[in-house]
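Here, each number is a calculation from the coordinates, and none is a lab measurement. What you see is a predicted model; the values in this text were computed from it and never measured. Here the Cβ positions follow ideal geometry from the backbone for every residue, glycine too, while neighbour counts run over all protein chains shown.
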Amino acid sequence: MIQMFDVYKVYPNKHSALTAINLHINKGDFTFLTGQSGAGKTTMINLIFCAERATKGQIVVKGINLGKIKKSRIPYLRRDIGVVFQDFKLLNSRTVFENVVFALEVTGARRAEIKRKAWQVLKLVGLQNRLDATPLELSGGEQQRIAIARAIINDPTILLADEPTGNLDSEITHDIMELFKNINNRGTTVVIATHNNTLAQQYATRHLTLERGRIINPEEQ
Amino acid sequence: MLLYRLFFFVREAVQGIKNNAFIHAIAIGTITFALLTFGIFIITVINLDRIFDDWGKRMHVIVYLDGKSTEEETTAVSEAIAGLPQTGKVTYISKEEALSMLKENLQNQAGILDNLDENPLPPSLEVQLKEEHANPQSISIFVKEVKKLNNISDVDYGQEWLRKFSAFISMIKLVGTGVGGFLLLATIFIISNTIKLTIYSRRDEIEIMKLVGATNLSIQIPFFLEGITQGFLASLLSLGILYVGFKLLIYKITIDYSLYLGYVDIIFLPQKLFAALILLGIALGIFGCVFSMGRFLKV
Ligand SMILES: Nc1ncnc2c1ncn2[C@@H]1O[C@H](COP(=O)(O)OP(=O)(O)OP(=O)(O)O)[C@@H](O)[C@H]1O
Ligand SMILES: [Mg+2]
């Protein structure tokens, strides 16, 4: 599902964020990517959904070689990859419903389908009663649930989460992890980047550890 | 499918205009100002041209004959002129008629003419041109032909007037084009900056749109719709202002200057230019978008 072959990422400021990365994440894996701050977790996530390009090496996602993908095809790839961030990235001027359906609207889905799917995902994340609230009226955990709902409304094959519980307390963190687990059980490949090792040990079926841009537990593969 | 997308784009555009009402008002004001200037310029030029043409129509050419020419020679000239394609009516004015006309014009100062030993005025032919040739260009061609004839001392057709007036019109056109071009660029610059501001204020939205897989085109379309709306509203506004201003001014002009205007109706924009001004407004809006977008859509 996600493969990297000898991947390097050097930022324009000459900073080397990833070095000689090889990995193979299978369909249905529940993978954790851990490491200290600055280890390269975000860089790795960004490479997978084409927010950054690898400096060297090959990345293959869903059989598509990202080094060769046309710029105009990137949006279509992203419709099949949901992404969740630590800071939620919600539109605070829009309601919960509007935020969640945003991803469907830009793809030109029908109104009836949009409503049906919105209902489905909001029910899955447990927010079906807050459709008309705006994000700022909700708690952090609830906001992250909206972001997750938005990320999965397109039924993506891959769900990426970059420090999704970084702003949440431990109880809510576990709720969110259960939610990810649920989504994973429906067949979605999930990759979660976090500095929280304990969390990874508790939930991961795959666990990769980064240290200064290198994977230090390759034997896991 | 397409219809749903269109709804989405329109909703996004409306949202954008609402969220940045002030910026959009500035942009609309700018385009309106530019279009107003264009409109005033076009109306002025069109009407000056019409006045110019009308003067041509009412203008006649006076061919002064050589005072010493014989009656046969005079008839020959008269016939030659009558034979030119532009000639409508030819009237012969003898020395005596010329003098009495002058006396009439001078009215109570006519006394100064009493001391003359001899009538100094030459006989002349007053030529009225055919309607289709009664315009400045045809007149000058006609005059060139007439000047080739023998026994003519001078040809008078108010050339100084025509020359000055046509130079005046050319100058207005030149200045208008220069100012217009500058204004065009300035407007595009201002619009592109207002669009930049609205893009900037919606950068979160754009980031998320990219994240969830919106194509660059679908991100751009709402902004284009905003630009088009700006241009359209501004062109309506400027046409409205132009029309009201025109009506007020025309009332005054026709009363104060009817003498110079003759029988010319001062007209507002012809339909074609009316449409052109609206299209120009829309084009300005679109151009403003084009110049502001590119940079924001990388990645
Ligand atoms: N856009 C960028 N330009 C230059 N250097 C960058 C950029 N993004 C990240 N880096 C550098 O690359 C390294 C890896 O950064 P990255 O964000 O991937 O780390 P991380 O593991 O996500 O850290 P954190 O836990 O703090 O989020 C860091 O040293 C960072 O300074
Ligand atoms: Mg990070």
> Between A:Asn185 and B:Glu126, what is the spin-label point distance in nm, taking each point 7 Å from the Cα along the Cα→C-beta axis?
Replying inline: 10.9
> Non-local amide H neighbours of B:Met59 (under 5 Å, H modeled in plane, Pro and chain starts lacking H): which ones?
Replying inline: none
>> At 1.306 mPa s and 10 °C, plugging the Kirkwood radius over alpha-carbon pairs of region B:151-221 into Stokes-Einstein gives what diffusion coefficient in µm²/s?
In response: 92
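Restricting to DSSP H runs of at least four residues, report the calculated mean residue ellipticity at 222 nm for chain B, -39500 (n - 2.57) per run over all residues, nearest 500 deg cm²/dmol. Walk me through the numbers before you get to the answer.
Values: 10 runs with 212 residues, N = 299.
It lands at -24500 deg cm²/dmol.
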> Going by the alpha-carbon gyration tensor, a ≥ b ≥ c the square roots of its eigenvalues, is region B:9-99 rounded (a/c under 1.5) or, if a/c is not under 1.5, prolate (a/b greater than b/c) versus oblate?
Replying inline: prolate
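Projected area of region B:60-156, taken from the Cα convex hull and averaged over every viewing direction, in nm²? Spell out each step's value before the answer.
Details: hull surface 26.8 nm².
Hull-based average projected area comes out at 6.7 nm².
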> Convex hull over the alpha-carbon atoms of region B:1-44: what's its volume per residue in Å³?
Replying inline: 72
> Packing-wise, with mean Cβ within 10 Å as the measure, how do A:7-17, B:36-46 rank, highest first?
Replying inline: B:36-46, A:7-17
> Regarding region B:113-171, what whole-number volume in Å³ per residue does the convex hull of its Cα atoms give?
Replying inline: 127
> For region A:74-145, what is the convex hull (Cα atoms) projected area averaged across all directions, in square nanometres?
Replying inline: 5.0
> When N counts the residues of chain B, how does its alpha-carbon radius of gyration compare numerically with 2.2 N^0.38 Å, as a ratio?
Replying inline: 1.61
>> Output wanted: per-residue J couplings in Hz (rounded whole) for region B:211-227, from phi through Karplus 6.51 cos²θ - 1.76 cosθ + 1.60, θ = phi - 60°, x for Gly and Pro.
In response: 4, 8, x, 7, 6, 4, 4, 5, 6, 6, 3, x, 5, 4, 4, 4, x
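From the alpha carbon gyration tensor of region A:91-195, can you work out the equivalent ellipsoid semi-axes (sqrt of 5 times each eigenvalue) and give them in Å, largest to smallest?
Numbers: eigenvalues 89, 58, 26 Å².
So the three semi-axes of region A:91-195 are 21, 17, 11 Å.
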> Where both residues lie in the protein assembly as shown, what percent of DSSP beta bridges are antiparallel, nearest 5?
Replying inline: 60
> Roughly what percent of Cα-Cα pairs across the protein assembly as shown reach past 33 Å?
Replying inline: 61
> Which Rg and Dmax, in Å, describe the Cα atoms of region A:1-64?
Replying inline: 11.5, 36
> If you bin every alpha carbon distance in region A:1-125 into 5 Å steps from zero, what whole percent lands in each bin?
Replying inline: 2, 9, 17, 19, 17, 15, 11, 7, 3, 0
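How would you order A:110-122, A:137-149, B:219-231 from highest to lowest mean count of nearby Cβ atoms within 10 Å?
Details: A:110-122: 15.9, A:137-149: 21.3, B:219-231: 23.2.
Going by the mean number of other Cβ atoms within 10 Å, highest first, we get B:219-231, A:137-149, A:110-122.
Tell me what chain A gives for mean residue ellipticity at 222 nm when only DSSP H runs of n ≥ 4 count, each as -39,500 (n - 2.57), the sum divided by the residue total, rounded to 500 deg cm²/dmol.
Values: 7 runs with 73 residues, N = 221.
After summing the helix terms and dividing by residue count, I get -10000 deg cm²/dmol.
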> So for B:Lys173, B:Lys210, fewest C-beta neighbours within 10 Å to most, what's the order?
Replying inline: B:Lys173, B:Lys210
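Express the Stokes-Einstein translational diffusion coefficient of chain A in µm² s⁻¹, to the nearest whole number, given a Kirkwood radius over alpha-carbon pairs, 20 °C and a viscosity of 1.002 mPa s. Provide the component values of the computation, followed by the final result.
Values: Rh = 17.8 Å.
For these conditions, the coefficient is 120 µm²/s.
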> Can you give me the Cα centroid spacing of region B:67-146 and region B:267-295 in angstrom?
Replying inline: 53
> From the phi of every residue in region A:197-203, what ³J(HN,Hα) in whole Hz does the Karplus formula 6.51 cos²θ - 1.76 cosθ + 1.60 yield, where θ is phi - 60° and glycine or proline is x?
Replying inline: 5, 4, 4, 4, 4, 6, 10
>> I'd like the FRET efficiency for A:Lys27 and A:Lys70, computed as 1/(1 + (r/R0)^6) with the beta carbon distance as r and R0 of 25 Å, rounded to 0.05.
In response: 0.55
>> Order these by the 10 Å Cβ neighbour count, fewest first: B:Trp161, B:Trp55.
In response: B:Trp161, B:Trp55
>> Could you derive backbone 3J(HN,Hα) for region A:60-71 from the dihedral phi with the Karplus parameters 6.51, -1.76 and 1.60 (θ = phi - 60°), listing whole Hz in sequence and x where the residue is Gly or Pro?
In response: 10, 10, 6, x, 9, 7, 5, x, 10, 5, 6, 3
> Hey, fewest Cβ within 10 Å first, where do A:Val60, A:Val191 land in order?
Replying inline: A:Val60, A:Val191
> At a Förster distance of 56 Å, what's the computed FRET efficiency of B:Lys144 paired with B:Leu217, Cβ-Cβ distance as r, to 0.05?
Replying inline: 0.35
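Using the Cα centre of region B:60-156 as the reference point, and only Cβ charges (+1 on K/R, -1 on D/E), how large is the resulting charge dipole? Debye, rounded to the nearest 20.
Numbers: 8 positive and 17 negative charges, 76 e Å.
Dipole about the Cα centre, nearest 20: 360 debye.
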